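Notes to accompany the following structure.
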Amino acid sequence: MKASARPLFVATILLGSFLLFLVQPLVARLALPQLGGAPAVWNSAMLVYQALLLGGYAYAHAISRLTIRRQALIHLALMVVALVFLPIALADVPRPSGYEVFWVPLLLVATIGAPFFVVAAQAPLIQRWYAAEPSAGDPYWLYAASNIGSFAGLLSYPLLLEPNLPLAGQSIAWAVGYGVLIVCMALLAWTRWRTPDIAAQGPVEGDDAEPIGWRRIALWLALSAVPSGLMLSTTTHLTTDIVAMPLLWVLPLGLYLLSFVFAFNARSTLGFALARTAPTVILLVGAMAMVSRGADGISIAIAAVLMLFVVATALHRRLYATRPEPARLTLFYLVMSAGGALGGLFAAIVAPLLFDWVWEHPLLVLAAAALLPQTPLVPWMDRLGLSARQRRVARLALVLGAALLGWWMTRAIDAQGDMTVHLLLLAIAALGVLVLGNRWAFLAILLILMLARGGWTTLGESAAGIRERSYFGVYTVRQFDNPPTRVLSHGTTIHGRQFLDPDRRDLPTSYYGPTSGVGLALSAADAIYGDNAAIGVIGLGTGTLACYREPGQRYTFYEIDPMVVDYSRNGVFTYLRDCAPDARIHLGDARLELEGEPAQQYDILAVDAFSSDAIPLHLLTREAMHAYGRALKPDGLMLIHISNRYVNLRPVIAAHALENGWIALMRDDPGDPEQGISASYWVAIASDAVPMAKLLQSSPQTNWIELGDPRGPAWTDDFASILPFLDWGTILGDR
């Protein structure tokens, strides 16, 4: 092939993949005011992208039998037609409450479907055009290059695009990049315009074609579906049960993309090393796959994403080893994308409907272990000259030994013997390494590790029926005996606590105690606004705030998740029934609900709508603040809960206060663990000095402090980034 054409092929495939993964977070950011920040939203988005990718690959496969000239004309025409949908703008799709699992994909397809479809097809098409020249050689290395572009696009959004450009500018920048891609594709077509395309004209379905049976296709599907599903399940597992860290989804997806770079390269030393160590890594880290209570969160999170990278590289390397000749390239990528979509479908749609917990994660870890090459690290059985019967006996003994050590590990965990647990983990993993070569024995020891390290507890909680799962997360209701207490956990965060003793049942607890900012404000509502104060609360939780209600006061709650409402209506938590049985509950996104209601209806509005530790960005922007201000009476008080382990939200709220001329003070409540009260940060905001003065006078013994200076402009729907406000000390485990 012409020496000058190779760089053009590389640049074009890099640009297309860069745009493909730049548009994913861009569209999610556009839709954030309507979607919220639940982990399932990102999984739904990924499923849509995988489905569109499958459609693009199917289209590329369908036109692959045409001449290069006809392929180019068809594809360039479609690319030009897709310009109608640019610059990117959010589609208008009505939202049915309770059907988010179907509505989110529909919204994303309507918004970006056409451009994404044609850009998705460019990777197999470019490789097909590259292979059309007989002297070009193996085209599969270009797929590794395309994933470098994907990885760059993924990282560029949070690091470069989001902090520096408003959404309108981001959409225009992407449209410009898309225009450049059209030009590059036209140039590529020109380089192949007179190529005879021997690969395309050769036998594809005849007797001389490479045979590809259903077993090989099934293997391709499995080797692509499992890493894809594991990428999504790792994200959900980490944000649900390990650590709900902002932007955590970037790490699993980024490493998943990088795995192709090292897998689709036969000469990659790192790829070979990762594939060899994958069984050991999955034993050591996969043991944590059934842990359902956060412990050593950051270290476990790092280990989990590294396991994903190692395992995905090993499986994708095996996938690469089974690739067909270039004439069947588009079929290979079609099946591979179908597998990716199947993995996404299982993790994003089937699992939330089927399971009460993130059971898809351990299932996918086991599936990955079953697909890993079973090459012994040390062929000790061969060296000892064991017969077939002796090998079976040896493996059985090793599995039984692992089961015994696993039983010991469960006892050590109950006794909180951390060193013993670590040593037993290493010992059982060593037994797993010794049985490499027999898939069933290896899987049995991995399962023993999972069950011993926390799986029995997780299984017991599911069997006890204390856990439920909705589109917005996994909720667990636990009871404790000393003192008798019922606790609601959403992922890694406690969202409410209620004493079961009748004398203490209606006492506000957790982040809502009497000395918290919201507790002080609601207790003083009569003193500030008289006997008939109107109170609005965004985020129901267990309904704790209802027990600040006084006779004559009117309470209204806004809650997005029907499952949370059921906990109060069914009597699992009785705050609402005991204290405000006539309170109104609006089901849906609070911001959208408020924008559709009459203005100036509340004296106090409390905003408490966090999803575990995930930041509901769309509830903290300028537009959201205006919606809250509109809902408040002129002398109203706004209370915003900003307690968070990983993000310092004080400068964010300070910027809004400065922009609007509001008075803003923060209550740093240390809490009282013996009374079930957690430490909390609540910010009180008012546009009128009188209600703020009355609030301070109502509790002169408590301290309210200033927020400090803002850092940067106020967040808007169009322009916001959490990166400047991350607490890296906590994220990295320094404190």
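Every number in this text was worked out from the coordinates using simple rules, so none of it is lab data. Keep in mind it's a predicted model, so treat the numbers as computed, not measured. Reconstructed Cβ throughout: ideal geometry from the backbone, glycine too, with neighbour counts over all protein chains shown.
Between ARG569 and PHE102, what FRET efficiency follows from the Cβ-Cβ distance if R0 is 22 Å, with the result rounded to 0.05?
Between ARG569 and PHE102 the formula returns 0.35.
Taking only DSSP H segments of four or more residues, each worth -39500 (n - 2.57), what value at 222 nm results for the chain once the sum is divided by all its residues, to the nearest 500 deg cm²/dmol?
-17500 deg cm²/dmol
Provide the FRET efficiency to the nearest 0.05 for the ASP688-SER299 pair, computing r from the beta carbons and using R0 = 60 Å.
Values: r = 48 Å, r/R0 = 0.81.
The pair ASP688/SER299 has a calculated efficiency of 0.80.
Where nothing but the Cβ of Lys and Arg (+1) and of Asp and Glu (-1) is charged, how large is the charge dipole of the range 484-705 around its Cα centre, in debye to the nearest 20?
160 debye
Treating only the Cβ atoms of Lys and Arg (+1) and Asp and Glu (-1) as charged, compute the dipole magnitude of the range 576-735 about its Cα centre; round to the nearest 20 debye.
140 debye
Quick check: the angle from helix 689-698's long axis to the longest principal axis of the chain, C-alpha only, nearest 10 degrees?
In the chain, helix 689-698 runs at an angle near 70 degrees to the longest axis.
Counting other C-beta atoms within 10 Å, which of TRP174, TRP407, TRP704 has the fewest, and how do the rest follow?
Ranking TRP174, TRP407, TRP704 by Cβ neighbours within 10 Å, fewest first, gives TRP407, TRP704, TRP174.
Once you put a point 7 Å from the Cα of LEU165 and another 7 Å from the Cα of ASP582, both along the Cβ direction, what distance in nm separates them?
Each label point lies 7 Å from its Cα, and together they span 5.5 nm.
For a quick check of your reading of the filter: which trypsin sites (Lys or Arg not before Pro) in the range 62-141 sit in a DSSP loop and have no more than 15 other Cβ atoms within 10 Å?
Filter output for the range 62-141: ARG65.
Within 10 Å of each residue's Cβ, count the other Cβ atoms and sort ASP589, ASP501, ASP481 from fewest upward.
In increasing order of surrounding Cβ atoms, one gets ASP481, ASP501, ASP589.
Residue by residue through the range 256-267, which ³J(HN,Hα) values in whole Hz follow from phi under the Karplus form 6.51 cos²θ - 1.76 cosθ + 1.60 (θ = phi - 60°), with glycine and proline marked x?
Result, ordered by residue: 4, 5, 5, 4, 5, 4, 8, 7, 8, 8, 4, 9 Hz.
For the range 125-168, what is the convex hull volume of the alpha-carbon atoms per residue, in Å³?
84 Å³
When Lys and Arg each count +1 and Asp and Glu each count -1, what net charge do the other residues less than 15 Å away from GLY153, Cβ to Cβ, add up to?
0
In debye to the nearest 20, how big a dipole does the chain give about its Cα centre with +1 on each Lys and Arg Cβ and -1 on each Asp and Glu Cβ?
Values: 49 positive and 53 negative charges, 667 e Å.
That gives the chain a dipole magnitude of about 3200 debye.
Under the 0.36 nm per residue contour assumption, what length would be gained going from the current alpha-carbon distance of ALA186 and ALA397 to full extension?
Gain on stretching ALA186 to ALA397: 69.6 nm.
On a 0 to 90 degree scale, rounded to 10, what angle separates helix 100-120 from the longest Cα axis of the chain?
Computed tilt is about 40 degrees.
Residues of the range 315-341 with amide nitrogen under 16 Å from the 7 Å Cα-to-Cβ point of ALA218?
Within reach of a label on ALA218, which here means backbone N under 16 Å from a point 7 Å along Cα→Cβ, the range 315-341 contributes 339.
Restricting attention to the chain, give the cysteines that have no other cysteine Cβ less than 4.7 angstrom from their Cβ.
CYS184
So how compact is the range 484-705: Cα radius of gyration and Dmax in angstrom?
16.0, 47
For the range 580-735, count the residues as N, evaluate 2.2 N^0.38 Å, and divide the Cα radius of gyration by that value, please.
So the range 580-735 has a normalised radius of gyration of 1.07.
Of all DSSP beta bridges located in the range 484-705, what percent are antiparallel, nearest 5?
If I count the DSSP bridges inside the range 484-705, around 50 percent turn out antiparallel.
Report the dimensions of the range 349-481 along its three principal axes from the alpha-carbon atoms, largest first, rounded to Å.
If we take the Cα atoms of the range 349-481, the spans are 55, 37, 21 Å.
Considering the dipole of the chain built from charges on the beta carbon (Lys and Arg +1, Asp and Glu -1) around the Cα centre, which of ALA314, LEU165, TYR529 is farthest to its positive end?
About the Cα centre, the residue reaching furthest to the positive side is ALA314.
With no solvent and one point on each alpha carbon, what is the Debye value of log10 I(q)/I(0) for the chain at q = 0.05, 0.11, 0.12 Å⁻¹?
-0.29, -1.18, -1.32
Could you work out how far helix 622-631 tilts from the main Cα principal axis of the chain, as a 0 to 90 degree angle to the nearest 10?
With rounding to tens, the tilt is 30 degrees.
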